[in-house]
Every structure is written in C-alpha cells, then in structure tokens.
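Just below is one structure, and these are the notes that go with it.
The values are calculated or read from the model by the stated rules, or taken from the named source; none is laboratory data. These numbers come from a predicted model, not from an experiment. We place every Cβ from the backbone using ideal geometry, glycine too, and count neighbours over all the protein chains shown. For the accessible areas, the whole protein counts, side chains as well, though only heavy atoms, and no ligand, DNA or RNA atoms are used. Shrake-Rupley method; radii C 1.70, N 1.55, O 1.52, S 1.80 Å.
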Amino acid sequence: MANIPEFILKRELHKKYLNRFLNGGIPSFLSNMDSNRSVILFFCVAGLDVLGETEKILRHRKEQIINWIYKLQVVNTEELTSGFQGSTTLLTKKFKGAIGPYQWGHIANTYSCLLSLLILGDNLTRVNRKEIINSMKSLQLEDGSFKGAIKGTENDMRFVFCAAAVSYILNDWNGIDIERMCNFILNSISYDGGIGQRPNRESHCGSTFCALAALALSNNLHRLSRDQYNNLRRWLLNRLDIVEGFNGRPNKPADTCYSFWTGASLKILHAYKYIKSDVNPMFVLMTQDKYGGFSKWVNSGPDPMHTYFGLAGLSLMKYENLNEMYPPLNCTKRVHKRLKALHAQWN
Amino acid sequence: MADSSDDEVPKHVLFKDRPEWKDIEPLGEYDSDEEQPVVNIEYSAEFKDCYDYFRAVAQKREYTQRVLDLTDTAIKFNPANYTIWGYRFDTLKALEKDLRPELEYTKRIILKQPKNYQVWNYRNLIVTELQDASNEKELTALALAEDSKNYHAWDYRISILRDFKMYDGELEFATQMIEDDVRNNSAWNYRDFVIHRTNNFWDGVETDVIKSEIEYTLDKITKLMDNESAWSYLRGILANISGGICGSKRVNDFCHNLYYNKGNRCRFLLSFMLDCCFRDHEVTYRTKEGDERGPQLLARIKELCLELATEHDVTRKQYWMHLSKSFEKMIIKAELERQLYPSSEDEDSTCSCSTED
C-alpha cells in the first residue's frame, strides 16, 4: 500500500501539516530551528495562503500570531540594528521582552516577518519603516552585497534579495545603493549563463532567483544585456528534466523546491511559457508525504520549507485551485494586491 | 526507557545545578503571553536550562571562561544560531584567547554538519583573524569527499584561494575532482575560477593555456557527450578569444566532425552549433561576406532549431521554435538595415531584452 504513489494533491493533509507547525508543538529534536522560528512561521502561513486557507484562520488567532511577530521587532537608532529577529530566543520574561544586547534585526527574518504580517491581514501600522530602511544601509557591503545582520553573518545573494524585497514591501529604496547592488548581481553571472551566490561561484537556481527577483523588484531587469538575458533563459530552461522535474544546478537531481526557484526565475524572464505544457507536476506530487507535507525528494521526509515551495511550484504550474503567485516577491497575487493597496494609502 | 533523557545527552549536568553558575539568575524566554503559542518548539529541559543561562549572560555582556563552555553547549543544541557563534567569538577576543583550538572545534562541527552556514562563516572569521589558511584546503577536501557538490565547501575554498592567494596545485585538484566525476559542475566551475585567476588572457589571443583547456574539455566531451557542464566550460574558455564561441578552428572542426561524419545529435552539440551560427552572423553581416552568408546561416539556424525541437530536445520544443522565429526576424531586420544604411555604425546591441517576446 505504502509504495503506491498517489498523484493527487492532498490538500487537507498539507493544511494539517502546516497547522501542526503553526499551532501545535514542534518536537524537541527540531530545536535547531529555534533561531529561525519566524521563517518556519512564514512557510506555514505562506503555504496556507497558496492553499487559500488563511481566511479560515480565526481572527483572534491571527491577532495572536501578529502580536508574536511584532515582539520580534527591534528598533535601534544608534547601532542601526532595526528589523525583525528570527525568534524570541533572546527575549527575557524578566525584562518583558525589552530589546537588549545582541538582539539585532536580521534581513531574512525582517523579510519573513513582513510577508507573514501581510498574509495574515496586518497593515504594517506597527512597523517602524523608517528605521528598518535606515538600518539596512549598515548591511550593504562595499561589493554591493548584503550581510544578514550587523555582525556574525555571511553576505551573499540571498540577503540581496531580502533587502530588495523589504525595500519593495516598505516602498522605500533609500536603504540600498542600487548601483552597487546591480553591479554585484551582474558580477555574479557565471560563464554558463546562470547566477551564483557571489562572483565566481557556481550558478544555482536559488541564487539566480534571488538575483533576478532583486532586479525585477527594483525595476532593473534592463541592466541585463541581451546576451545575459538570453543565456539566463537558456540555462534556466535546461534545469527541467521532463521525467524528473526541476533541478537547481546542472547534473544535480531534481528537488521539490526548485519547482519554485527555477520556475519563478523563468516567469520573471517571461520564459516559463516555453515549457508550460511540458512541466509535469508528477515529480512534485510524488514528494508528498503520506501524513502531509512535501519532501525534497521522494520518500525523504517532509519539512515546512519544501512544503511551501512544493505548493508554490505547483501554483506556477497552474495546478488545480491554488492561489496564483506573484513570483518576484515570492508571495501570492492576493498578498501583492493587498500590499499595493497599502502603498496607495501610504502615499 | 525511563532513562531516555540521560541517553540523549549523556552526563549532561544542568547549568542550574553547577556550582560555578550559582551567582547567575537564569532568565526565562519571553515567548508568548497568548494562551496558544506560535510555532512553538517543545524544548528539552536541557535546552531550556542552557538558553536561560545564555539569556542571562548576554544581558550583562559577560565574557568569561564559563561563558565559552556555555556557548559550546548552546551550539550543540542549535548550531544554526548565529548570535551564539558571534557571542563565542566576542568572548574569545575579550579573553585574548588563542584562536587555534577553534580550528579543531569547527572542523569537528563542519564534518558533522557540512551544510551549516554559520559554522563555515565562523571558521572564515577565525582563519582571517589568525591569518593562517594552511588547514583549509584539507578541510574542504574532506567535506567534498563526503559530498563532492557541497556548495558551502566550494564557496569557502574559493574565498580562501582568493584571500590567501593559494592557487598552487588547484588546477590539479580540479582535474582530480573532474576525473572522479566528469558531471561535477562544481568542479568545472572551480576549474574556470582557477584558470582565470592564474592566467592573463589578453586581446583575445588563443594562448597555450586556452589551447590546452580546449583539448582537455574536448577530450571530456568525447568521453561523455551529454554533459552540460563540459559544454558550458568550453563556452567559458572560448569567451576569452576573439571570435568567441566560433573563434577556435579546433573546436569548429571538432563539432563539424561530430555532426557530419559521426552523425552525433547531442542537444548540447546542436545548441552550441546554433549559437556559433548566430555569432557568425553577428560578426559578418556588415561585411561583404555577409551578403552570401546571411541566407545560408538563416537556413542552418532553422534546421538546427527544428532538429532540437522535433527530435533531440523536445522538452524545450516551444523554446527552440521560438528561437528559430526570432532569429529569422532578427536576420531579416539586419538585412534590411544593411541595405538601407550600408555605412552606419553598429548600433548598441545590448538593449533588445524584450525582442524575444
């Protein structure tokens, strides 16, 4: 029984799986997720959003989650560490969560928190937009890349994307030296046409998505030369194996999450249409776990990250009744529309 | 079963039961004041105890030997917490400790968790402080022996090479890794990095190094035709010579022979030849030669696209058909321009991103 794969989307099971992480207890052996609980939260609510289930979260419960997210916000005008923390690990009961030493915003967590707030219907009224943008300046390095936090993190394309996405969400680009950011991205284009995590690194669909999304969100796709643009399309299209699905690098096996990273990159470059009729949801559907959630590969154990990206990837394939995606921001069109309405209000 | 918690963390004494921590008031986590928690992890008693003490020392920025031990435990429980790594580093610096033991410490963790961003980043910090990268090649080689495509390990090795100018023997390392797995795209990328860092390519000259890299790659392609990594590397090398992708007679003959004499129709061969035609047209269409070559090249391009679309790369059928059409449009447009403005300068060719749509 267990070996017969079922090729239908198990919507109810995925909803349960994501709700279990969101509301139930996460077992202690996953304590290594402790410092990134806001990212787990994002995968849960974003996955539910693709499934069209966020409306069903009770208003009272939404408020609880929103309040928890706001507890992670740091406003520090002196050290320029404003943003959102990854979790409550450093918040103390004794000081009622007051921000103390080593409590810094991290750009990936700021991104996850802001999108989660939008998904849950919050209007970002309690977000200190000005200070977050101001602090972002301290994260950009000479080469144009971004580090995650003021101290102790690496710098690469992931955080370039996060910085661009946060600027887009807050509708304020004053925190980024865009010229330098674009140069970093262009310098990271590899000889094979794809884009690596930084210059001279192997092309990778994760970093390629981050780079292209940052260009798209900042209205800079035109910085790609004709050859760069065409080579990127070719390299990305080559990531599809009709039997296996999307991989993230040449000669690597397919993996559920690349149905989004690669698919969304192709969407940004208007090239998804060339493979639309050939993209097969089978591989992604095969990575569903029998108790809900998606895995990286068939039979390899689900996690919230692959569950969200599996759903988002299926949505790009226009698989039955999933909310449509807005690829550059990695969210649904529903959320993007909400955001645009907020921008209109802010102006 | 009753002792399962002892089994999980052998001999672990809670910090609250350690005499040297008696003076510290542990600080509980201010997680959620809601009745229903959010993405709640059911921490073990040991985890909670350790982080209660970490919160307490972080509040007062204590940098002592006992804090080093505490960070060691905190890292064991969650090696992905960048704050703990940063705190450990600050403590070592404040105590003016020898950083050398950290090399062994991080090596142990890296080999257990070779895809952990934080530990690689911390290792980089230590090595930079010590200004000694003599162990790094060995460490990355060990990590790559476990997973020859580990992005972190390659990324780190490239950083080390660049920062410490340690290029000696690295072409051989790339050769060995490619020998082990000719499909290893990471190793090909590394080869490209090393070749470009250790040679000067100027004025589009086909140097001996370029010639030997071409031979090397053609040999690998001959042994395994359907290998995107090798074909991409070939393109990368050819980008250094004038004429680019179709600038090497050796390569042109190689492809010609494969296609016409051996009847090979590998999709990477076809797309390579296709791009050669395109490049050829770009270079020659404003010359006298272009008069005749235009229609010839167009016919060839259409033929190759059709072969790809209908037989040898049907997954991307619509893409190849689209390319065929857009090349055709472009060539017709170019012909028109050539006839209308025979003497005008080449216009900027970097702007037509949207022409394909």
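See the values below:
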{"quantity": "Within region A:283-306, tally of residues that are more than 14 Å from chain B (Cβ to nearest Cβ), out of contact with any Lys or Arg (no Cβ under 6 Å at 6 or more places or on another chain) and not acidic (D, E)", "calculated": "15"}
{"quantity": "Selection count where residues are surrounded by 21 or more Cβ atoms within 10 Å (Cβ to Cβ) and charged (D, E, K, R), scope region B:174-191", "calculated": "1"}
{"quantity": "Top-ranked residue in region B:241-256 [being of a type in the set (G, A, S) and part of a loop (DSSP other than H, G, I, E, B); ranked as least open to solvent (accessible area, probe 1.4 Å)]", "calculated": "B:S248"}
{"quantity": "Residue within region B:15-31 that is buried (at least 22 other Cβ atoms within 10 Å of the Cβ) and either at the interface with chain A (Cβ under 8 Å from one of its Cβ atoms) or modelled with pLDDT under 95 (or both) present", "calculated": "yes"}
{"quantity": "Tally, over region A:231-251, of residues that are touching an Asp or Glu at 6+ places or on another chain (Cβ under 8 Å) and within 7 Å of chain B (Cβ to nearest Cβ)", "calculated": "6"}
{"quantity": "Condition met for A:L124 (surrounded by fewer than 19 Cβ atoms within 10 Å (Cβ to Cβ), among the aliphatic types (A, V, I, L, M) and touching a residue at least 60 places away in the same chain (Cβ under 8 Å))", "calculated": "yes"}
{"quantity": "Members of region A:20-34 found to be among the hydrophobic types (A, V, I, L, M, F, W, C) and either in contact (Cβ under 8 Å) with a residue 40 or more places away in the chain or surrounded by fewer than 17 Cβ atoms within 10 Å (Cβ to Cβ) (or both), listed by number", "calculated": "A:F21, A:L22, A:F29, A:L30"}
{"quantity": "Unique residue being at pLDDT 95 or above and open to solvent by less than 50 Å² (accessible area, probe 1.4 Å) when the list is B:L297, B:L224", "calculated": "B:L224"}
{"quantity": "Conditions (1) in contact with a strand residue (DSSP E or B) (Cβ under 9 Å, 6 or more places away or on another chain); (2) within 13 Å of chain B (Cβ to nearest Cβ); (3) of a type outside the set (D, E); number of the one not met by A:F29", "calculated": "(1)"}
{"quantity": "Test: residue in region B:90-100 that is in contact with a Leu (Cβ under 8 Å, 6 or more places away or on another chain) and closer than 29 Å to A:I69 by Cα", "calculated": "no"}
{"quantity": "Scan of region A:216-227 for residues that are among the hydrophobic types (A, V, I, L, M, F, W, C) and surrounded by fewer than 22 Cβ atoms within 10 Å (Cβ to Cβ), ordered by number", "calculated": "A:A216, A:L217, A:L221"}
{"quantity": "Which listed residue is away from chain A (no Cβ under 14 Å) and among the hydrophobic types (A, V, I, L, M, F, W, C), from B:L139, B:L161", "calculated": "B:L139"}
{"quantity": "Residue list for region A:71-106, restricted to those being facing chain B (nearest Cβ under 8 Å), open to solvent by 10 Å² or more (accessible area, probe 1.4 Å) and more than 16 Å from B:Y82 (Cβ to Cβ)", "calculated": "A:K71, A:K93, A:K94, A:F95, A:K96, A:G97, A:G100"}
{"quantity": "Number of the condition not met by A:M286 [criteria: (1) under 20 Å from the mean Cα position of the chain (by Cα); (2) over 17 Å from B:D313 (Cβ atoms)]", "calculated": "(1)"}
{"quantity": "Residue among A:W297, A:W261 that is closer than 23 Å to B:Y151 by Cα, surrounded by fewer than 19 Cβ atoms within 10 Å (Cβ to Cβ) and under 21 Å from the mean Cα position of the chain (by Cα)", "calculated": "A:W297"}
{"quantity": "Those helices (runs of 4 or more DSSP H) lying entirely in region B:55-119 with at least 2 residues within 26 Å of A:F29 (Cβ to Cβ), free of Cβ contacts under 8 Å to residues at least 40 places away in the same chain and away from every other protein chain (no Cβ under 14 Å)", "calculated": "B:65-77, B:101-112"}
{"quantity": "Which numbered condition B:S248 fails, given (1) within 29 Å of the chain's Cα centre (by Cα); (2) within 14 Å of another protein chain (Cβ to nearest Cβ)", "calculated": "(2)"}
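Here is a yes/no grid of residues against (1) open to solvent by less than 10 Å² (accessible area, probe 1.4 Å); (2) in contact (Cβ under 8 Å) with a residue 12 or more places away in the chain:
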| residue | (1), (2) |
| --- | --- |
| A:A108 | no, yes |
| A:S135 | yes, yes |
| A:K151 | no, yes |
| A:E154 | no, no |
| A:A164 | yes, yes |
| A:L186 | no, yes |
| A:P199 | no, yes |
| A:A211 | yes, yes |
